[in-house]
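The values are calculated or read from the model by the stated rules, or taken from the named source; none is laboratory data. These numbers come from a predicted model, not from an experiment. Cβ placement follows ideal geometry from the backbone for every residue including glycine, while neighbour counts extend to all protein chains displayed. Each accessible area value is taken on the protein alone, full model and side chains, heavy atoms only, with ligands, DNA and RNA left out. Shrake-Rupley method; radii C 1.70, N 1.55, O 1.52, S 1.80 Å.
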Amino acid sequence: MKLASYKNANRDGQLVVVNKSLTQCVLVTDIASTLQQALDNWTQMSPKLESVYQQLNAGTLKDTLSFDSKKCESPLPRAYQWADGSAYVNHVELVRKARGAEIPDSFWSDPLIYQGGSDDFIGPTDNVALPSDQWGIDFEAEVAIVTDDVPMGTSAENSGQHIKLIMLVNDVSLRGLIPGELAKGFGFFQSKPASAFSPVAVTPDELGDKWIDNKVHLPLISEYNHKLFGCPEAGIDMTFDFSQLVAHAAKSRNLGAGTIIGSGTVSNKQGTEYGTSIEEGGVGYSCIAEVRMIETIRDGKPSTEFMKFGDQIKIEMKDEGGNSIFGSIELKIVKAN
C-alpha cells in the first residue's frame with residue numbers, strides 16, 4: 001500500500017491512497033483525514049485503506065485524481081517524534097577518521113540515535129530556505145520507518161512488527177555548526193534544520209523480497225545538481241537494522257504511533273577501506289561530508305564544497321524494473337526571506 005499527504009488548509013495535510021505506479025490517487029476522507037489519524041488507529045484503518053489501494057490498482061474506483069508529487073507534503077507533515085540513527089557505522093568511522101579519532105568499540109554494538117525536530121518538515125519538492133549558505137549545507141540520503149505504538153522495553157526480536165511504513169528522507173545538515181554544538185556535549189539543534197521526506201510512504205509488503213531482516217535491499221540514488229552522486233545499496237553495511245533501532249529508542253520510553261526513525265546516511269565500504277566515488281567506478285556517497293572526509297584522509301584537506309544557494313538534490317529509490325517506489329525528493333537550496 002502507498003500513502004501520501006496532499007497539501008490543503010490543514011497543516012497536517014489530506015491523506016490520499018496512491019496507486020502502485022504513482023500515477024493515480026484517491027481521497028479517503030471517509031476513512032481517515034490525515035496519515036496520523038490512520039496511524040493512531042492502524043489496526044482498524046489499514047485493512048480499509050488496503051481495500052481502497054487494491055481497487056485503485058484494479059481501476060475500479062471513481063473520483064480518482066492524477067497523482068502529483070508537487071502537491072505533496074511529507075507523508076507526515078509534522079510528527080510526534082523524529083529520531084535519526086546512524087546505522088551505517090562506516091559513515092561514523094569516516095567522520096571520526098577525518099579528524100584523527102578512532103571510533104569506540106561500543107559503536108559496533110550500541111546504536112547512535114539523536115532526537116530531531118519534528119514540528120516542521122519540508123515538502124518533498126519544496127525549497128530548503130536557510131539564512132546563510134556559509135554554514136556547510138549538506139544533504140543526507142537515508143531510509144526511514146514509521147511505527148505504530150511501541151511499548152517501552154520492546155525487544156529487537158519483537159520490534160519489527162511495529163514497523164508500518166517506509167519512506168526516504170533527506171536529513172538536511174549544517175556541517176559548519178555541528179562541531180560547536182557537539183563540543184557543548186548536548187547534541188544537535190541549530191545544526192539540524194527541517195528534514196524532507198519522500199512524497200509517498202509504503203507498507204513493507206510493497207518491497208517484497210527487498211525488505212528482508214528489517215532492511216531495504218535496494219540502491220538509494222542521489223543526484224546532485226543533475227549528476228549521479230551516489231547509489232549505495234541500503235541493505236549492505238547496515239550495522240543495525242530497523243528493528244534494533246526501534247528497540248534502542250524504546251528502551252526507556254514508549255514510542256507513540258507516528259514515530260519516525262531514520263537509518264542515518266546510507267554508506268557502503270564497497271570492498272575498499274573508505275568507499276569509492278561514481279567517477280572512480282564505485283557506488284558513490286549519500287552526503288557531501290563523506291567525500292570531504294576521504295579528501296581529508298587522502299590529501300590532508302577537503303576540496304569539495306558544501307551546498308550553496310541554487311544547488312539541487314534529488315533522492316530516489318527504484319525497483320528492479322526501474323520504477324520509482326516512493327517518488328523523489330527534489331529540493332533546491334534558497335535564501336530565506
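Values computed for the structure shown
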{"quantity": "Of all residues in segment 138-165 being surrounded by 24 or more Cβ atoms within 10 Å (Cβ to Cβ) and among the aliphatic types (A, V, I, L, M), the one that is farthest from S328 (Cα to Cα)", "calculated": "V146"}
{"quantity": "Selected residue (only one of A257, A234 is under 24 Å from G153 (Cβ atoms), among the small types (G, A, S) and touching a strand residue (DSSP E or B) at 6+ places or on another chain (Cβ under 9 Å))", "calculated": "A257"}
{"quantity": "Tabulated pairs, segment 95-123, first assigned to a loop (DSSP other than H, G, I, E, B), second surrounded by 13 or more Cβ atoms within 10 Å (Cβ to Cβ) and modelled with pLDDT under 85, C-beta under 7 angstrom, 6+ apart or interchain", "calculated": "E102/R96; I103/V92; I103/E93; I103/R96; L112/V92"}
{"quantity": "Selection count where residues are surrounded by fewer than 16 Cβ atoms within 10 Å (Cβ to Cβ), closer than 20 Å to G85 by Cβ and either at pLDDT 90 or above or within 14 Å of the chain's Cα centre (by Cα) (or both), scope segment 173-184", "calculated": "0"}
{"quantity": "Residue under evaluation D63, criteria (1) under 23 Å from T147 (Cα atoms); (2) acidic (D, E); (3) over 19 Å from the mean Cα position of the chain (by Cα), criterion not met", "calculated": "(1)"}
{"quantity": "Failed item, numbered, when P77 is tested on (1) at pLDDT 95 or above; (2) crowded, with 18+ Cβ neighbours inside 10 Å; (3) in contact with a Cys (Cβ under 9 Å, 6 or more places away or on another chain); (4) on the phi < 0 side of the Ramachandran plot", "calculated": "(3)"}
{"quantity": "Q270, sole failed condition from (1) at positive phi; (2) among the polar types (S, T, N, Q); (3) open to solvent by 60 Å² or more (accessible area, probe 1.4 Å)", "calculated": "(3)"}
{"quantity": "Pairs, first on the phi > 0 side of the Ramachandran plot and in contact (Cβ under 8 Å) with a residue 12 or more places away in the chain in segment 182-196, second of a type outside the set (D, E) and open to solvent by less than 60 Å² (accessible area, probe 1.4 Å), C-beta under 8 Å, six or more apart", "calculated": "G187/Y114"}
{"quantity": "Test set (1) open to solvent by 70 Å² or more (accessible area, probe 1.4 Å); (2) farther than 25 Å from V172 by Cβ; (3) under 23 Å from the mean Cα position of the chain (by Cα); (4) without any contact (Cβ under 8 Å) to a residue 60 or more places away in the chain - N19 fails condition number", "calculated": "(1)"}
{"quantity": "Single residue of Y88, Y53 found to be more than 28 Å from V128 (Cβ to Cβ), open to solvent by less than 10 Å² (accessible area, probe 1.4 Å) and not small (G, A, S)", "calculated": "Y53"}
{"quantity": "Matching residues, segment 283-316, being of a type in the set (S, T, Y) and farther than 26 Å from I236 by Cα", "calculated": "S303"}
{"quantity": "Which listed residue is hydroxyl-bearing (S, T, Y), part of a loop (DSSP other than H, G, I, E, B) and over 18 Å from G123 (Cα atoms), from T29, T43", "calculated": "T29"}
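To keep it simple, each residue is scored yes or no on (1) closer than 30 Å to R292 by Cα; (2) in contact with a His (Cβ under 7 Å, 6 or more places away or on another chain); (3) in a strand (DSSP E or B).
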{"residue": "V143", "(1), (2), (3)": "yes, no, yes"}
{"residue": "G153", "(1), (2), (3)": "no, no, no"}
{"residue": "N158", "(1), (2), (3)": "no, no, no"}
{"residue": "L165", "(1), (2), (3)": "no, no, yes"}
{"residue": "G185", "(1), (2), (3)": "yes, no, no"}
{"residue": "S191", "(1), (2), (3)": "yes, no, no"}
{"residue": "A194", "(1), (2), (3)": "yes, no, no"}
{"residue": "D209", "(1), (2), (3)": "no, no, no"}
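Residue-wise test of (1) at positive phi; (2) in a loop (DSSP other than H, G, I, E, B); (3) open to solvent by less than 60 Å² (accessible area, probe 1.4 Å).
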residue	(1), (2), (3)
G235	no, yes, yes
K251	no, yes, no
E280	no, yes, no
A289	no, no, yes
M293	no, no, yes
T304	no, yes, yes
E320	no, yes, no
N337	no, yes, no
